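A.B. asks: What follows is a structure written as structure tokens; I'll ask about it next.
The values are calculated or read from the model by the stated rules, or taken from the named source; none is laboratory data. Quantities reported herein were computed from a predicted structural model and do not represent experimental measurements. So basically every Cβ, Gly included, is an ideal-geometry build from the backbone, and we count neighbours across all protein chains shown. Ligands, DNA and RNA are excluded from the accessible area calculation, which covers all protein heavy atoms including side chains. Shrake-Rupley method; radii C 1.70, N 1.55, O 1.52, S 1.80 Å.
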Amino acid sequence: GGTLMNDHGYQPLGYPPLRRAIAARLTARGLPTDEGEILVTGGGQQAISLLAACYMTPGAAVVLEDPTFPGAIDAFRAAGGRILTIAVGQPGASYVESLAAAISQNPVKAVYLMPTFHNPVGTVLPEPVRREVARLGRSSGVPIIEDDTLAELSVGGEPPPLPVAAHARDAQIASVGSLSKLFWAGLRIGWIRAPRPMIAQLGRLKAVADLGTSLVSQAIAVRLLTDHDQVRELRCRELAERLDHLLDLMSRLLPGWTWRRPE
């Protein structure tokens, strides 16, 4: 506590020990990251809103998946974005073709995707498709926002493929993460992982928004991340049990329905 109080407490880019802890966590997951590539935000929602504010001007086009996370639709609309859509859950080649067509036919300023455990569809974009998306981001120069907030919540099976950002170190790819799903939503701690020039630009917007996320929450987050692996194991076990219970109820109460067990 003492060290937290040593200065004025305004740190728009985030509490340095937390930025380091998040970078270490992403590096361990196969996405090499350093502290300078992390901006701490007030949850994943603020991360998306900052990115929307960064890229959107009134009438600017943004590509979203259909369906997608309602909070992202709200953020891009609030920033004046004109929403274009590509369908989720289509085969890999069609997905990349739809994305490429949307970018080539419109003055697209950003793309927002949920490659891992898509909300609400639950799909996982296969690794070869992620490589193609990264390649498209690099060749088109259009920034890609990758919402990774659910990536650690696997309920059995293989771990998900590496984030899209891992396939294009030099492209404008921003990955959004959060502690809400693993620990507690009330903590309001999220982050953006992006190349340093993007982080500098986003940091200026963050300073205007709130001068920086609460340092007390960030200090708590540093402590929580030291127990990350045990908490993740508990959380995923809990989710798997709830999923089994739900599927059991559905089989008994909705015998005419069919579904695909989410990953």
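A.B. asks: Taking N as the number of residues in segment 23-166, what is its alpha-carbon radius of gyration divided by 2.2 N^0.38 Å? Intermediate values should be presented prior to the final figure.
C.D. replies: Details: Rg = 14.7 Å, N = 144, 2.2 N^0.38 = 14.5 Å.
Normalised Cα radius of gyration, segment 23-166: 1.01.
A.B. asks: Give me the Debye-computed log₁₀ of I(q)/I(0) at q = 0.28, 0.31 Å⁻¹ for segment 46-100, equal point scatterers on Cα only, no solvent, two decimals.
C.D. replies: -1.04, -1.14
A.B. asks: Right, next: Could you tell me what fraction of 2.2 N^0.38 Å the Cα radius of gyration of segment 179-263 comes to, as a two-decimal ratio?
C.D. replies: Details: Rg = 19.2 Å, N = 85, 2.2 N^0.38 = 11.9 Å.
Rounded to two decimals, the normalised Rg is 1.62.
A.B. asks: Follow-up question, since we're still on this one. Stick to Cα atoms and the Kirkwood definition of Rh, then tell me Rg/Rh for segment 104-144.
C.D. replies: Working: Rg = 11.4 Å, Rh = 11.3 Å.
Radius of gyration over Kirkwood radius for segment 104-144 works out to 1.01.
A.B. asks: Also: When only C-alpha pairs under 8 Å and at least 6 residues apart count, what is the relative contact order of the chain, in percent? Mind showing how you got there, number by number?
C.D. replies: Numbers: 447 pairs, mean separation 63.0, N = 263.
So the answer I get is 24 percent.
A.B. asks: I've got another one for you. Using a 1.4 angstrom probe on heavy atoms only, work out the carbon and sulfur share of the accessible area of segment 114-238 in %.
C.D. replies: Numbers: 3140 of 5550 Å².
Looking at segment 114-238 in its full context, I get 57 percent from C and S.
A.B. asks: Related question: Per DSSP H run of n ≥ 4, the term is -39500 (n - 2.57); total these for the chain, divide by its residue number, and report the mean residue ellipticity at 222 nm rounded to 500 deg cm²/dmol. Walk me through the numbers on the way to the answer.
C.D. replies: Numbers: 8 runs with 116 residues, N = 263.
Theoretical 222 nm ellipticity from helices: -14500 deg cm²/dmol.
A.B. asks: What is the projected area of the convex hull of the Cα atoms of segment 87-229, averaged over all directions, in nm²? Provide the component values of the computation, followed by the final result.
C.D. replies: On the way: hull surface 39.3 nm².
Averaged projected area of segment 87-229's Cα convex hull equals 9.8 nm².
A.B. asks: For segment 163-195 and segment 95-149, compute the distance between their C-alpha centroids and round to whole Å.
C.D. replies: Using only Cα atoms, the two centres lie 15 Å from each other.
A.B. asks: Restricting attention to segment 1-76, which chymotrypsin sites (Phe, Trp or Tyr not before Pro) occupy a DSSP loop and are surrounded by at most 12 other Cβ atoms within 10 Å? Working shown, then result.
C.D. replies: Working: sites: Tyr10, Tyr55, Phe76; in loops: Tyr10.
Passing sites in segment 1-76 are Tyr10.
A.B. asks: Pop the C-beta distance of Leu254 and Ser94 into the FRET formula with R0 = 30 Å and round what comes out to the nearest 0.05.
C.D. replies: On the way: r = 30 Å, r/R0 = 1.00.
Calculated value: 0.50.
A.B. asks: Follow-up question, since we're still on this one. Connecting C-alpha atoms closer than 10 Å in a GNM of the chain, tell me which of Ser154, Ser94, Ser49 has the biggest fluctuation.
C.D. replies: Comparing Ser154, Ser94, Ser49 in the GNM, the peak value goes to Ser94.
A.B. asks: Radius of gyration and Dmax for the chain's Cα atoms, expressed in Å?
C.D. replies: Rg, Dmax (Cα atoms, Å): 18.7, 63.
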